[in-house]
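What follows is a short report on a single structure.
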Amino acid sequence: MALTDRQQIQGLMFRRSLPGNAGMLFDYRMPRSITMWMKNTYIPLDMIFIGNDGRVNYIAQRTTPHSETIITSRGRAVLEVNGGTSSRLGIVPGDKVEHPIFGN
């Protein structure tokens with residue numbers, strides 16, 4: 001979980017690997033426009049943007065390491081996982097994420 005400003009700024013930057021079943025959930029506590037990038041990130045990631053109701057709004061798949069391209073969507077949270085995970089698991093916009101932050 002990335003809850004503090006510092007944790008959210010750091011995210012998964014500088015990590016050289018991420019276990020297959022691991023990820024990082026960024027909780028922004030209220031719906032808003034969320035912007036992310038891959039600067040200083042060494043591994044490709046899927047960024048799963050999630051609304052206040054726990055529904056997947058958008059998925060940025062297999063993002064490019066070290067890219068400064070801004071990735072933006074609306075949501076309350078972002079789940080970062082290894083690149084390709086959303087395809088492998090069949091995660092698509094509209095799917096529901098269950099976690100206490102979404103009240104489910």
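Structure data summary
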| quantity | calculated |
| --- | --- |
| Translational diffusion coefficient (Stokes-Einstein; Kirkwood radius from C-alpha pairs) of the chain at 25 °C, 0.890 mPa s, in µm²/s | 181 µm²/s |
| Residue of Ser86, Ser73, Ser17 that the Gaussian network model of the chain assigns the largest fluctuation, springs spanning Cα pairs under 10 Å | Ser17 |
| Potential lengthening between Asp53 and Arg16 on full extension [0.36 nm per residue; Cα-Cα distance subtracted] | 10.1 nm |
| Contour excess over end-to-end distance, with Cα ends at Ile9 and Ser33 and 0.36 nm allotted per residue | 7.1 nm |
| GNM result for the chain, Cα springs below 10 Å: residue of Val56, Val81, Val92 fluctuating most strongly | Val92 |
| Residue-level accessible surface for Phe102, protein heavy atoms, 1.4 Å, Å² | 20 Å² |
| Surface share of carbon and sulfur [accessible, 1.4 angstrom probe, percent] for the chain | 51 percent |
| Solvent exposure of the chain as accessible area per residue, Å², 1.4 Å probe | 57 Å² |
| Tensor-based shape of region 52-92 (alpha-carbon gyration tensor, a/c under 1.5 rounded, otherwise prolate or oblate) | oblate |
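The values are calculated or read from the model by the stated rules, or taken from the named source; none is laboratory data. Note that the structure is a prediction, hence the values are computed from the model and not measured. Each accessible area value is taken on the protein alone, full model and side chains, heavy atoms only, with ligands, DNA and RNA left out. Shrake-Rupley method; radii C 1.70, N 1.55, O 1.52, S 1.80 Å.
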